[in-house]
């Protein structure tokens, strides 16, 4: 298995009109699930960790686990920091072996977002690492449920300026997508996406893939979406399956068996996500 800059994967997806699925992980079992299904379906994938997940597991630990789990696989993957909030988060992941980092300055004024992102881009260029930015806020809450103040969709003119001045490799946009489970039927704003894509010439990223109907994801991909994030659906499937197994086997002390129960359902979600992204067979 080869850990490559995320830009390498996104450029092919961007040109060939599929998306690379990005799956959040925090431990060995999660990584095993992603790589197993990716190998089975011959799909490029991005293994990513939110900065809180990185703080839990350690950047180098996650990189080493991915390398060891995938040592015998013929796959190209990227290892990505999701929603890095500071320059220091990005540097720790670059030093730990990540091939891509995100700097999320979306809650800051545009000038501050540009300045922070540009600083990370310069570090990423020196290390051969892809850098993702974000403009607009993804729904009303963060990935782990914290309330976002001043939530707003992406402004196309601001997106154009952010990419031009920061030279980011890809851009996460807010077009009606949201983190977590949707409280109403999701409805992506395709007119807004079209205008952003007209102004911005880098691959676009759709966060909040959990719960967006397949037909909307498939419509967004040829309009410039080359990376789609999946996290909540994976964690929910894993936790529910473990709970069911433990309820049915209250005296079970085999941690491997308990974790395996969660992994089985997580793999099913990963397969569905790869199907939505149309990335199967692209390796």
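Values in this text are rule-based calculations from the coordinates and carry no lab data. Keep in mind that this is a model prediction, so the values were computed, not measured. Every residue, glycine as well, gets a Cβ built from its backbone with ideal geometry; the counts of neighbours run over all protein chains shown.
Computed from Cα positions, the angle between helix 255-277 and the longest principal axis of the chain comes to roughly 40 degrees. Residues considered: 64, 82, 72. Largest GNM mean-square fluctuation over the chain, using C-alpha springs under 10 Å, is found at 72.
Using a Gaussian network model of the chain in which every pair of alpha carbons under 10 angstrom is joined by a spring, one finds that among 259, 188, 204 the greatest mean-square fluctuation is at 259.
Within segment 2-277, antiparallel bridges make up roughly 5 percent of the DSSP beta bridges whose residues both belong there.
So, R0 is 41 Å and r is the distance between the beta-carbons of residue 11 and residue 184; what FRET efficiency does that work out to, to 0.05? Here the calculated transfer efficiency is 0.75.
With the simple spin-label model, which puts each label point 7 Å out from Cα in the Cβ direction, the residue 275 to residue 73 separation comes to 2.0 nm. Given their separation in residues at 0.36 nm each and the Cα-Cα distance between them, residue 52 and residue 111 gain 18.7 nm when the chain is fully extended. With a simple spin-label model that places each label point 7 Å from the Cα along the Cα-to-Cβ direction, the separation between residue 240 and residue 199 comes to 3.9 nm.
On full extension, the segment bounded by residue 88 and residue 253 gains 55.4 nm, given 0.36 nm per residue less the C-alpha separation. Using just its DSSP H runs of length 4 or more, each adding -39500 (n - 2.57), the chain gives a mean residue ellipticity at 222 nm of -15500 deg cm²/dmol after division by all residues.
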